[in-house]
Structures are given as structure tokens and as C-alpha cells.
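The structure appears below as C-alpha cells.
The values are calculated or read from the model by the stated rules, or taken from the named source; none is laboratory data. Because the structure is a prediction, the values reported are computed rather than measured. Cβ placement follows ideal geometry from the backbone for every residue including glycine, while neighbour counts extend to all protein chains displayed. Side chains included, ligands, DNA and RNA excluded: accessible areas come from the protein's heavy atoms. Shrake-Rupley method; radii C 1.70, N 1.55, O 1.52, S 1.80 Å.
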Amino acid sequence: MSESIIGHPKNLPFTDEDALQYTLILTEGKLLLTERSLMTILNAQLANMTDSVPCDAVGRRIICDGEKGTVLFVGNVPPTADIVLLNLSENLLSSWDRVADITRQLTKLKALELRGNRLSIPANPSSLTHAFANLKELALNKTGVNWSEVLECAPMWPALEELYLSDNSITDLQKPVHVLQSLTLLDLSNNPLSGGEQLKTIGYLPRLNKLLLTNTGLSSIHFDDVGPGCKTAMFPSLEFLAVDNNNISQWSFVNELEKLQSLQKLSCLNNPLMSAERNAETAQQLIIAKIGKLQVLNKSEILPDERRGAELDYRKIFGREWLEAGGNQDPEKNRPSEAFTAQHPRYQILIEKYGAPEDGELKEQQPFALKNQLLTITFKCPDRDEKKPIEKKLPDSMTIQKVKGLLYRLLKVPGSELKLTYTSSKMEGKEIEIDNDLKPLQFYSIEDGDSVLVRWS
């Protein structure tokens, strides 16, 4: 251990990170209180320091194993210390009992950071409730904990409102029973969840307001308690959802989000739906039109004029499809198919709001209002070594059905047997499924230079 008092604060100016926040450096029965934000508690490493702390230590700067701070207090921990934030990250703490020995002395503690500690579960978690009675925020990032262990420990945190669990290799979720009912924020980012179905198990947390699912491998979600155009009973208080850096490529995902009662803010950056630059703005407008209560998308406020424009464009773009599916400008004859309603659950609402599209509005419309252009696409057969890559220039308005017809002529394999996906240099490591034969290439945000992978059994 290296330890030295190095002078007054003016000799080591504060950074923004240092200012205003309080945390502890504990010794055996003693502590040094510094203002450094999120400073590590060094525990046993400072056990021998109490005898050497000079009487004029208060107000002076200290370095211990590279940590720097200004000493504000030396002495026993007062039982009513006004400590609200405590960071015990990367501390080699091994048990919740040891954490409780520290936190029970801090009666006003509201936020606790335990990142990087591998903590054994206590034999009786409820017996430690008093040590975390007022805790509102808890960070267990990179602790190796799984969801079942979280639920087992949850009785310790009766007042918990924010729980951070990123980077823990969590794959499966179970329903919280009589625990975590006060949660308003849950962060599951950077955990490889096994699928969107897992989310249903936490769908009835009554106060959950923010859900962070960034980089969880999410590609689909389905609220099967209600049909298209209805509101689900799940996630009744959820206003903010983050699903950035996932594998979301189908508009059915967005349609399901429209079922949420309270959703107002959505972040879905770096998904196949949003990643292609020339389609990013159009994709954003489609999301706005599909989710009626959305107020903020990808950190940008949705202004009334933008919503009106997005909804009017949506009504026109899919007007021809609506007519072909049984829609009619005469309300008594308007009976669009179930398939159309499933793909466009808000379309009827938009007709009621703005009126049915007139024939003149539909004549010049093209999907996504984009001009046709030729794309250079390389077709690859990854499971057939004998098949060499084939490069073709195709219009971006070409439907997948016609693409399969072309492939039939090239590969002599019926289109019904072909399974297509595509990869892009902008999304390395991701393979996006192409599953609707009636949609054009531009619908899937396929760009010049992309590769389409062709498989068949």
C-alpha cells in the first residue's frame, strides 16, 4: 500500500468528476470521508492507516493506491451520517453480509453501487432488510448474478425503485412474486436474453416506468393477451423503452409496441429498421405513425406537425394496399382483411382521423416515397461451396417474389424452397431475415454493395 498526504486541495484541483458527491473510505472502525465521485472503498488496505492519519488531515489531499481525494472527516461512522450515495465497486467483497455490515451504519443511504463484486447469497436474505431499508437505487452490473438470484435477494430491498443489472449474462427471467413491486427502472442491457417471450414474466410490475434492453439480442416481442389495435395489460406504467443495438428488423415489433398503454419515449438506434442511412428518416416517420402516443423517438421530440405529416404519409403510402385488402372509402363497405389489420393496426384510426385516401392521392405514390435506383447485390450460397457468388444489378423496387424468380433461373431451385437473409457492412455480425415475398428490396433497407445469402434444404 502506498499512502501519503500530499498537500492542500489547491495543489490538486478538482475535476467535474470530483465535485459535490460524497463517498467513504473505510478503515477498521474509522473512515476518511472524501468528496470524490464514486470513489472505491479500500477497506482492509487502509486498516493500518488510522494510527498514521495526522491530526490536521481534514482539508488535505490524500493518495492511496492511485485514488485521490480531500479528507473531510476522520472518525467513527456516525449512525445518522448524511451519506446517500455509496460506491463499493471492484472491491473483492464476497458476501451480502459484509455489505450489510457497512450499509447498516448509514441510515440515510439511498444509492448503492456494487459493480464487479461477486457476492454470495445470504442464508436468510430477509434478515438483512434493516441494512437496506431506505435503499432506492442498486447497481449490480458485472457481478455475475442471474435473475433467479436477484429474486432470491430481493426481500432485502423493500423500497427499491431502480435496479441496474447490465453485463451479467442473464438469459432467463422469472416472474417476481411479492418482490420488486416498487421498481420504476430496470436495466437489463448487455445481457443475452433468450428471447422476447422472457419479457412477459416482468410485464406485471405495476410501477415499472423505464425498461432498458440495449444489446440483449432482442428481435421480436408479442403481447398475446390482446389482438391488433387493442391495449395490453402488461407493462401498464411503462413510458420509456430502450432497445438500441438489437436485431429488430420486422415492423411487427413496432406494431406490438402500439399495444402498450403508456409508452411515450422509445430509443431503437442501430437496429436493421433504422440503420440504413437513406431509409432512416422514412423508418422514423413510419414508427411515429405506428405508435400513436409516442412523444420522443431516439432522443428527438416529436412535434405535432411532424406527427401529422407522418400519419398522412402513412395513410397514402399504404392506401393502395388497404384498397386491395378490402378497404373502401364507403364506411359501410370498408372491411380490410385481418392480415392487413395485423400489419397496420392504426390504419383505421388514421382513416377516422383524416378520412380515407382519395384515388388521386394514390396514383403517384411509391413505397417509402423513394426513387427507384439500381443496387449492386451479391448473392451467396453459404451452405453450398460449389456455388460461386453471383453479382447482379437490381432496382430497389423489385419485390422479393421477383428476386426469387431470378434465383430460380440462376440456381434451378424453386422460390418456395429458398430462404433469404442479407448482411451489410454497416451491421457486421448481423444477418437479417427477408421473409415477405410481396415487399420490395428497399423495404428491408438493402443497400448498394450488400450481400443476400441464399439457403435451401
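Quick one: is residue 221 modelled with pLDDT under 95, among the β-branched types (Val, Ile, Thr) and crowded, with 19+ Cβ neighbours inside 10 Å?
yes
Inside the stretch 398-425, can you point out the residues that are open to solvent by 100 Å² or more (accessible area, probe 1.4 Å) and under 35 Å from the mean Cα position of the chain (by Cα)?
401, 419, listed by residue number.
Quick grid of which residues meet (1) of a type in the set (Val, Ile, Thr); (2) under 22 Å from residue 292 (Cα atoms):
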residue: 302; (1), (2): yes, yes
residue: 305; (1), (2): no, yes
residue: 308; (1), (2): no, yes
residue: 311; (1), (2): no, yes
residue: 319; (1), (2): no, yes
residue: 328; (1), (2): no, no
residue: 332; (1), (2): no, no
residue: 338; (1), (2): no, yes
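Report, by residue number, each residue of the stretch 107-129 that is out of contact with any Ser or Thr (no Cβ under 7 Å at 6 or more places or on another chain), open to solvent by 70 Å² or more (accessible area, probe 1.4 Å) and over 15 Å from residue 153 (Cβ atoms).
Answer for the stretch 107-129, where residues must be out of contact with any Ser or Thr (no Cβ under 7 Å at 6 or more places or on another chain), open to solvent by 70 Å² or more (accessible area, probe 1.4 Å) and over 15 Å from residue 153 (Cβ atoms): 108, 110.
Residue by residue through the stretch 249-267, note down the ones that are outside any loop (DSSP other than H, G, I, E, B) and either over 13 Å from residue 290 (Cα atoms) or more than 17 Å from the chain's Cα centre (by Cα) (or both).
Passing the criteria: 251, 252, 255, 265, 267.
Identify, from the list 360, 355, the residue that is exposed (fewer than 13 other Cβ atoms within 10 Å of the Cβ), among the small types (Gly, Ala, Ser) and either on the phi > 0 side of the Ramachandran plot or at pLDDT 90 or above (or both).
Step by step, each of 360, 355 is checked, and only 355 is exposed (fewer than 13 other Cβ atoms within 10 Å of the Cβ), among the small types (Gly, Ala, Ser) and either on the phi > 0 side of the Ramachandran plot or at pLDDT 90 or above (or both).
Considering only the stretch 102-170, give the strands (runs of 3 or more DSSP E) lying wholly within it that have at least 1 residues that are over 20 Å from the mean Cα position of the chain (by Cα).
Here the list reads 111-113.
Among (1) without any contact (Cβ under 8 Å) to a residue 40 or more places away in the chain; (2) open to solvent by 30 Å² or more (accessible area, probe 1.4 Å), which single condition is residue 340 missing?
So the condition that residue 340 fails would be (2).
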